[in-house]
1. No other cysteine beta carbon under 4.7 Å away is the test; run it over the chain and list who passes.
2. Taking the Cα centre of each part, how many Å lie between segment 241-257 and segment 91-124?
3. Kindly rank 443-452, 20-29, 68-77 from highest to lowest mean number of other beta carbons found within 10 Å of each residue.
4. Can you give me the long-range amide H partners of Ile131? Hydrogens built in the peptide plane at 1.01 Å from N, cutoff under 5 Å, separation of 5 or more residues or another chain.
5. Return the lysines within reach of Lys373: Cα separation strictly under 29 angstrom, same-chain partners fewer than 8 residues apart disregarded; answer none if there are no such residues.
6. For Leu296, Leu346, what's the fewest-to-most ordering of other Cβ within 10 Å of each Cβ?
7. How long is the gain from Glu253 to Asp348 if the chain were fully straight, where each residue apart is worth 0.36 nm and the alpha carbon distance is subtracted?
8. Where does each of 103-109, 212-218 land if you order them by average Cβ count within 10 Å, highest first?
Amino acid sequence: MGKLTMDKLVALCKNRGIIFPGSEIYGGFANTWDFGPVGVELKNNVKRAWWKRFVQEDNSCFGLDAAILMNPKVWEASGHVQSFGDPKMDCKNCKTRHRADTIIENFSKGTVSAEGMTNEQMEEYIAIHDIKCPVCGKRDWTPIRKFNPMFTTSRGTLEEDADKVYLRPETCQGEYVNFLNVQRTMRAKVPFAIAQIGKSFRNEITPGNFLFRTVEFEQMELQMFCKEESSMDIYNKYKEKALQFVKDLNVKEENLRFHDHDKLAHYAKAACDIQYNFPIGWQELNGIHHRSTWDLSRHQEFSGKNMSYTDPITNEKYIPNVIEYSIGADRLTLLLLCEAYEEQELEDGETRVVMHFHPAIAPYKVAVMPLIKKTHGEKAQEVLNILNKEFMTQYDESGSIGKRYRRQDEIGTPYCVTIDDDTLNNNTVTVRDRDTMEQIVLKIDELVEYIKEKVKFN
Ligand code: ATP
């Protein structure tokens, strides 16, 4: 049946209240998206599943919700401020970003230094020597620009004396600056992790592909603080745990793969992405990084505060290593939309679009439908009032039952409950399964337990 394209997905999301283009009535605002009534449920469920797996079910992991605006010195310690103004260009073909001066220096094997060259001179050098993208081998560069990766805003009452502050480009700095607070108040022993879910903002030059790359997005990430000796084991454990999490959300293994990095940041000991086979090709879903003692050491240097941990048994003092696992909530939501989508040809020749979400992340768990509005509407309302105390529940009384089922299939509602004469006479309802389309009969008072069991995420 029809192959999924990003355009099809964008159209479905818009028509079914899942995701709308940002500021649409003003012609939109590039690469911003608004989650509609259905989409907000989906994304909240994704975040809940992640939190349950990585925080609730792991007693060595503690939650945090740090402020978006941080002391600007944080971004000096992280290296973001220092990289302001680097001459950057993007490969339009494979959408990777490169430093123009590094490209020239690598090409010339260090014999040419781009220091002191203007942007125009660098562009000319790259054109004359036909320097291609080291990732995809094409030469399709954007012009070189000084790139500011962080959005800035100002704090202060008067424009003239306002201090520049930054919208955080990553959430993990919240964990680093609170490392000692969490360790002390939770009496945490290394290894332990701090996790949070929150917005990040990046002034991406090449945003696009629907939710894949946006200028504001939510990160779900954790930083595991550990001793060097056990750090590689913990890194490997998180690789497997991160993969298992996506597989448990019913993502097929053949659509997932590890991508180990061979080029590492100077402080990193290992790095790996999990990639997914999106309609735009294999792309990063999440990153797992072994960041050594870099982050805490930098904060110790810039804040002057001792960031070491003291082992309560041996009294040894050391700065822990950090293993980072970070995944975009929006990017995972996009992945789950892609994975769930199916166009099915039915026996009667009709086609249905069905979203096979794992029931735990389905936006609505159940829909209540009176067979005939006039006759069964009142009873259907009673059933609705029982179910919506427990679950996000839709109510649909318009159109043929077939049409109503299709609407629920398109937003991935796992169960449809039909109210008919049997309900009035015996308090039984028909429950239709989204995936198999099979129907079973249940008593009204069995419904809540039945659905609860099915929509668990373990
Ligand atoms: P990419 O290579 O795709 O730019 P990154 O390596 O810069 O990502 P990290 O800084 O490790 O990404 O961020 C962790 C996760 O946050 C990514 O794996 C991705 O899921 C998500 N993410 C990063 N940038 C964006 C963005 N602009 N829009 C949506 N999600 C993003």
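A short reminder: the numbers here are calculations on the coordinates, not readings from a lab. Just so it is clear, the model here is predicted, and its values are computed rather than measured. Counting neighbours? That spans all protein chains shown, and the Cβs are built from the backbone with ideal geometry, glycine included.
1. Cys13, Cys61, Cys172, Cys226, Cys272, Cys338, Cys416
2. Between the Cα centre of segment 241-257 and that of segment 91-124, the gap is 38 Å.
3. Values: 443-452: 14.8, 20-29: 11.9, 68-77: 16.7.
My ranking of the peptides, most packed first, is 68-77, 443-452, 20-29.
4. none
5. Of all the lysines, those that pass the test against Lys373 - Cα under 29 Å, at least 8 places apart if same chain - are Lys14, Lys365, Lys389, Lys403, Lys443, Lys452, Lys454.
6. Details: Leu296 25, Leu346 10.
Sorted ascending by nearby Cβ count, the order is Leu346, Leu296.
7. Working: separation 95, 0.36 × 95 = 34.20 nm, distance 3.19 nm.
Value of the extension gain: 31.0 nm.
8. Details: 103-109: 15.6, 212-218: 19.4.
Sorting 103-109, 212-218 by mean packing, highest first, produces 212-218, 103-109.
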